[in-house]
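The values are calculated or read from the model by the stated rules, or taken from the named source; none is laboratory data. Only a predicted model underlies this, so the values are computations on that prediction, with no experimental measurement involved. Methodologically, a virtual Cβ is constructed for each residue, glycine included, from the backbone with ideal geometry; neighbour enumeration extends over all protein chains shown. For the accessible areas, the whole protein counts, side chains as well, though only heavy atoms, and no ligand, DNA or RNA atoms are used. Shrake-Rupley method; radii C 1.70, N 1.55, O 1.52, S 1.80 Å.
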Amino acid sequence: MIIFIFIVIVIALICALAYYISQLDLYKSYDSYRAGEMEKLRAELDVEHTINTETLQKLNKIAYTNPITKIGNMDYFLDAATKQFSENPNEVFTLIAFNIQNLDKFSHLFGPTEGDNVVLHAAHTLRDIGQKTRQVFAHVYSNLFCMIVKGQDKELVLEQVEVLTQQLQSYSENFTLLPTFGIYYIKDRHQPLLDMINSCMLAQRFVKNPQACNYVIYSEELESNFRQNKRMSQEMEDALEQHKFLMYLQPIVDLRTFRITSAEALVRWDYPGKGILSPYAFIPLFENTNLVQKLDYYMWEECLKALRRWIDNKIEPTPIAMNISPIHFQNTKFIDHLDYLCDHYLIDKKMLILELPERGISDGDEQTKKIIQQLKKHGYILCIDNYGSMNSPLNLLHDYPIDRIKIDRSFFNKNSDSEEGMSILRYLVAMAKEVGLTVITEGVETLKQTNLLGEIGSDMAQGYFFSKPVDVREFDSLNHSMVKRVYQSNEYYPTFEDLEKDLDLIAFMLDQA
């Protein structure tokens with residue numbers, strides 16, 4: 001019995017041991033399975049993490065990169081500049097912003113694709129310089145690029161401007177790109193960077209002649225002028241409605257008879273608290289903001305009204321010379337407006353002389369030429385105004401269907417004090433008359449100058465020697481009384497036969513055509 005019980009216990013122990021061993025194998029198998037699954041899961045998580053990291057990097061690249069030029073954009077610039085400021089607490093910085101001022105004209109001449117290539121060239125130029133000097137740079141938007149330079153030494157800053165200018169202008173041999181720069185010395189690095197960029201853009205607006213000087217450094221005085229200009233721009237609309245812009249007329253006198261043959265219409269602004277403002281106080285501002293187009297339309301109508309008033313009152317009308325701003329050379333819309341005014345006021349177009357500024361013609365393209373040809377076809381008398389104020393290529397005298405040239409005051413004054421200068425004036429007048437043009441000289445202030453003009457054959461003159469610009473009422477009185485002066489100039493009109501003694505000068509001037 002005891003033996004039986006012992007055998008039963010042994011068998012039970014053996015069974016328990018066998019069960020334990022089987023369970024142990026099961027646990028081991030499960031642990032192995034679980035370890036395998038964990039490895040799989042870990043591997044999947046690693047892959048997913050890698051994918052998420054790569055995706056995040058791609059998204060960041062997209063978010064901080066300009067899609068066209070592939071360099072940093074505005075968001076990148078803001079972050080990178082903030083980081084640079086924080087990492088260099090004792091350093092001072094300068095912000096430089098620039099764009100290509102005549103990019104639209106380039107795109108118009110060579111096509112939008114070439115215009116995009118210019119932007120790419122600007123971006124690559126900025127990238128090469130920025131990477132070499134380890135500066136923060138970006139293509140902020142459209143045609144605007146920015147760079148932050150360490151230090152505020154003017155010479156070093158302008159050196160960067162010069163390098164960028166040279167690289168940008170090397171793009172085309174057939175067209176001179178005109179980059180303009182705004183420079184802002186950063187005084188408060190906690191100031192919003194967008195405000196700094198706006199200050200640079202404001203400075204850019206004050207670049208008058210990028211071929212002579214293509215940068216302006218921001219100052220508080222600049223800001224003050226801008227605010228005043230902005231206020232004047234906002235007041236312009238009201239001033240037009242209230243007829244605060246006044247038409248003044250300056251006589252143009254025939255140098256043989258000393259009679260008033262025509263008058264140039266000049267604008268004045270009756271500005272509250274400041275009196276009558278000269279156009280020099282607001283025309284440059286309006287040209288920069290395109291408000292000059294509205295002002296031109298207003299002044300043209302004032303001219304037509306004056307002509308109509310003279311005719312209605314049985315007064316012999318005096319032809320009026322009206323200024324045409326360069327902005328109108330962009331399309332033919334203004335020609336339709338001129339035609340409408342002439343039809344509305346029943347004025348013969350021969351009573352109008354359109355003064356086309358030399359600066360708008362000398363840099364003109366085929367579009368400009370077509371517009372001038374169309375003006376001539378419509379029956380208007382055309383005059384190149386301020387001739388001699390720029391490069392004054394002689395081909396203007398024969399490439400455009402013009403009737404008159406008006407020699408610029410500065411060109412006349414510069415050349416009237418020397419024998420060599422007088423020779424240049426004499427030949428210019430002779431050439432103009434050889435191709436059938438009427439010659440007018442402005443800025444005449446003395447009897448001596450009047451004598452000189454008579455001797456070299458200028459047809460007409462305009463200036464304070466005869467009369468300052470006056471309002472219409474005073475002009476009517478002046479026109480009535482100024483029938484003839486005692487003095488008359490010599491009636492000498494040189495031709496090329498008279499000038500054969502100086503063939504070298506003739507050849508030189510013809511080479512400029």
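Among the residues of region 461-495, which ones are of a type outside the set (S, T, N, Q) and modelled with pLDDT under 50?
Val483, Lys484, Arg485, Val486, Tyr487, Glu491, Tyr492, Tyr493, Pro494, listed by residue number.
Residue-wise test of (1) over 30 Å from the mean Cα position of the chain (by Cα); (2) of a type outside the set (Ser, Thr, Tyr).
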site	(1), (2)
Phe245	no, yes
Val253	yes, yes
Ala281	no, yes
Leu295	no, yes
Tyr298	no, no
Leu304	yes, yes
Pro319	yes, yes
Pro326	no, yes
Asn331	no, yes
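Does any residue of region 230-247 turn out to be of a type in the set (Ser, Thr, Tyr), at pLDDT below 90 and touching a helix residue (DSSP H, G or I) at 6+ places or on another chain (Cβ under 7 Å)?
Taking every residue of region 230-247 in turn, at least one turns out to be of a type in the set (Ser, Thr, Tyr), at pLDDT below 90 and touching a helix residue (DSSP H, G or I) at 6+ places or on another chain (Cβ under 7 Å).
Which residues, taken from region 402-437, are part of a loop (DSSP other than H, G, I, E, B), modelled with pLDDT under 90, farther than 22 Å from Tyr464 by Cβ and not small (Gly, Ala, Ser)?
Correct list: Val435 only.
For region 179-194, which positions are assigned to a helix (DSSP H, G or I) and open to solvent by 70 Å² or more (accessible area, probe 1.4 Å)?
Leu194
Is there a residue in region 202-220 that is part of a loop (DSSP other than H, G, I, E, B), open to solvent by less than 70 Å² (accessible area, probe 1.4 Å) and charged (D, E, K, R)?
Within region 202-220, none of the residues are part of a loop (DSSP other than H, G, I, E, B), open to solvent by less than 70 Å² (accessible area, probe 1.4 Å) and charged (D, E, K, R).
Quick test for you: out of Leu304, Leu255, pick the one residue that is touching a Ser or Thr at 6+ places or on another chain (Cβ under 6 Å) and at pLDDT 90 or above.
Result of the check over Leu304, Leu255: Leu255.
Under the condition of being over 27 Å from Ala203 (Cβ atoms) and of a type in the set (D, E, K, R), which residue from region 226-249 is least open to solvent (accessible area, probe 1.4 Å)?
Step by step, filter region 226-249, then rank; the result is Lys244.
Search region 90-123 for residues being open to solvent by 30 Å² or more (accessible area, probe 1.4 Å) and closer than 23 Å to Leu194 by Cα, and hand back the single one that is farthest from the chain's Cα centre (by Cα).
Asn90
For residues that are open to solvent by 40 Å² or more (accessible area, probe 1.4 Å) and of a type in the set (S, T, N, Q), scanning just region 63-87, find the one that is nearest to Thr165 (Cα to Cα).
Thr82
Being out of contact with any Pro (no Cβ under 8 Å at 6 or more places or on another chain), open to solvent by 50 Å² or more (accessible area, probe 1.4 Å) and either within 17 Å of Ile252 (Cβ to Cβ) or part of a helix (DSSP H, G or I) (or both) is the filter here, so list the residues in region 309-336 that pass it.
The answer is Arg309, Asp312, Glu316, Gln330, Lys333, Asp336.
Confirm whether Leu109 is part of a helix (DSSP H, G or I) and at pLDDT 90 or above.
Against the criterion (part of a helix (DSSP H, G or I) and at pLDDT 90 or above), Leu109 does not qualify.
Just to verify a result, which residue in region 352-382, among those that are more than 19 Å from the chain's Cα centre (by Cα) and open to solvent by 40 Å² or more (accessible area, probe 1.4 Å), is modelled with the lowest pLDDT?
Among those residues, the one meeting the criterion is Glu366.
Mind telling me which of the residues Val435, Val470 ends up being β-branched (Val, Ile, Thr), farther than 30 Å from Trp269 by Cα and surrounded by fewer than 21 Cβ atoms within 10 Å (Cβ to Cβ)?
When all the criteria are applied, what remains is Val435.
Which condition breaks for Val157 when tested against (1) open to solvent by 20 Å² or more (accessible area, probe 1.4 Å); (2) assigned to a helix (DSSP H, G or I)?
The failed condition is (1).
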